[in-house]
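See below for the structure under consideration.
The values are calculated or read from the model by the stated rules, or taken from the named source; none is laboratory data. Predicted, not measured: the structure shown is a model, and the values here were computed from it. As a convention, Cβ positions derive from the backbone with ideal geometry for all residues, glycine included, and neighbour counts pool all protein chains shown.
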Amino acid sequence: MGRAATSRVTRVLGPIARRLAYGVIAIAVTLLAFAFYVARNGPPLQPWHTEILTEEFTAGIGDDVRTFDDYRELERRLFAELDETIIAETGTGPSFALVRYSRGSLADPARRDHDWNRSFEFPVENPAGAVLLLHGMSDSPYSLRALGAALQRHGHHVLGLRLPGHGTAPSGLTTVTWEDMAAAALIGAEHLSAATNGVPLHIVGYSNGAALALDYALNALDGQVSPVPASLVLISPSIAVSPAAGLARLKDWLAGIPGLEPLAWTQILPEFDPFRYNSFSSNAAYQVHRLTRSVKRRIETRASAGLIADFPSTLVFLSSVDATVSTTAVVDNLLEHLASNRHEMVLFDVNRQDVRSTVMIDDPGPLTARLMNDGALPFALTLVANENPGSRLAVARHKPPYSSESTTEFLGVSWPPSVISLSHIALPFPPDDPLYGRERPPGSDLVFLGEFAIEGERGLLLFPADWLIRLRNNPFYAYLERRTLTWLGDNGVSSTDPASSSP
């Protein structure tokens, strides 16, 4: 191209490039101004959002924490630091009655029969199996406490692990990585294996804990860790989350700009739950995104040569409607890649008597019907649903792998009045749970976060409206517990036994 032609191109493109540059700058300034507006007009950050506790476990902590006893000692120092830096500095009295970090408040975990924010261990003599319980993001070991107690009663040595960043202050969610949590899970698994003389190891993972369970199982199959689990039980598993979670990294970066610190949070709420954070950080969303993408890639790689035949027997429980994780991803990213006769999904439908598709934004009925009629699925499927649309009675319709024929089991329980579906957070909690159950325990004056029957004007209560409507206990918990106990019993073979890999 000659000089004249080059000059003409420059004259034409120069103004265009400048306009584009000005446009990009204008957009960036507008977005930054909007970010400042959001940050300045949102709820104020509290010390439990900003104080970083230094005694927390990390994957790079080195030789100082190698055993579960080391982990518990570090945990003890962590909670002492929480007391000194946050609880001791938080006010008391009527205006703090529902503040979790106010000593003696109705939401104070220390006023409960046990502080379930900490790791717990339920040993038994001559255990039939060892069970590692991994809770979800922003949760605590309390979420799997009831199931852990049932497992202990049936002869299993149980360890409920507090994962790093959890059980203390929401600020822990601003720095934790999924690698920190995976390293802690490995310590728990190794402890159980040593404490039980190598009896079969099972892992129960709830929400993000389910993704950690899958990560551990994949590492064990690759020979990186030991032992290989005999089975997995995944409750409301985070197999995939919204792609928007990947953008949380940008929010976290912007939060480093003075004045934009609230952008480190996707949700800032009062902390009135003694065993779960209400606030949620951008980093936490990003870590779930990273973990689920890692697990997805590794499963797809192992399945590239065909269905995975040596994967631990896996039982999945999930609601057909879940505002937190993707239901279809459980099928597409996990179960369809696993060999038959070893895996099952239990899907809880909506209450078909009390809700009609015409009032639902997205009726899961077509999905459940497609799965129940699909005779090519390599996994078993059980649908917990109404006996018929005119009845609240619940049944479990079960079909084996590669079949569209089902059998029906009557569960002897009905949908409670006013309950139209389960939720992501409901599945592991029984109806009589003292914190999230259907009725407040008699004589208790502590905070109760279960069923509410409240009508009135909006904006009056501390609890947001969408928080009030979300179900927090499972009316079919007894079925979940029974199926879990049976699953562990049926898969209670040594992970080194060749029979454990047979289809």
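Residue-wise test of (1) at pLDDT below 95; (2) under 26 Å from Arg145 (Cβ atoms).
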residue: Leu381; (1), (2): no, no
residue: Ala394; (1), (2): no, yes
residue: Pro400; (1), (2): no, no
residue: Pro416; (1), (2): yes, yes
residue: Ser421; (1), (2): yes, yes
Among the residues of the range 221-240, what is the count of those that are in contact (Cβ under 8 Å) with a residue 40 or more places away in the chain and either in contact with a strand residue (DSSP E or B) (Cβ under 8 Å, 6 or more places away or on another chain) or over 19 Å from Gly136 (Cα atoms) (or both)? 12
I'd like the full set of residues that are under 19 Å from the mean Cα position of the chain (by Cα), within 20 Å of Arg100 (Cβ to Cβ) and in a loop (DSSP other than H, G, I, E, B), limited to the range 235-281. Ile268, Leu269, Glu271, Asp273, Pro274, Phe275, Arg276, Tyr277, Asn278, Ser279
Regarding Tyr436, is this residue under 24 Å from Leu98 (Cβ atoms) and either assigned to a strand (DSSP E or B) or of a type in the set (Phe, Trp, Tyr) (or both)? yes
State whether one or more residues within the range 73-82 are at pLDDT below 65, among the hydrophobic types (A, V, I, L, M, F, W, C) and assigned to a helix (DSSP H, G or I). no
Met181 passes all but one of (1) in a helix (DSSP H, G or I); (2) farther than 19 Å from Arg72 by Cβ; (3) touching a helix residue (DSSP H, G or I) at 6+ places or on another chain (Cβ under 7 Å); which number fails? (2)
By my count, strands (runs of 3 or more DSSP E) wholly in the range 116-166 with at least 1 residues that are of a type in the set (S, T, N, Q), under 21 Å from the mean Cα position of the chain (by Cα) and surrounded by fewer than 20 Cβ atoms within 10 Å (Cβ to Cβ) are none
Pair list, Cβ under 6 Å, 6 or more apart: the range 418-437 residue in contact (Cβ under 8 Å) with a residue 24 or more places away in the chain and surrounded by fewer than 23 Cβ atoms within 10 Å (Cβ to Cβ), other residue outside any loop (DSSP other than H, G, I, E, B) and of a type outside the set (Phe, Trp, Tyr): Pro430/Ala146
Which condition from (1) at pLDDT 95 or above; (2) crowded, with 20+ Cβ neighbours inside 10 Å is the one that Ala248 breaks? (1)
If you take the residues in the range 329-351 that are touching a Phe, Trp or Tyr at 6+ places or on another chain (Cβ under 8 Å) and part of a loop (DSSP other than H, G, I, E, B), which one is modelled with the lowest pLDDT? Ser340
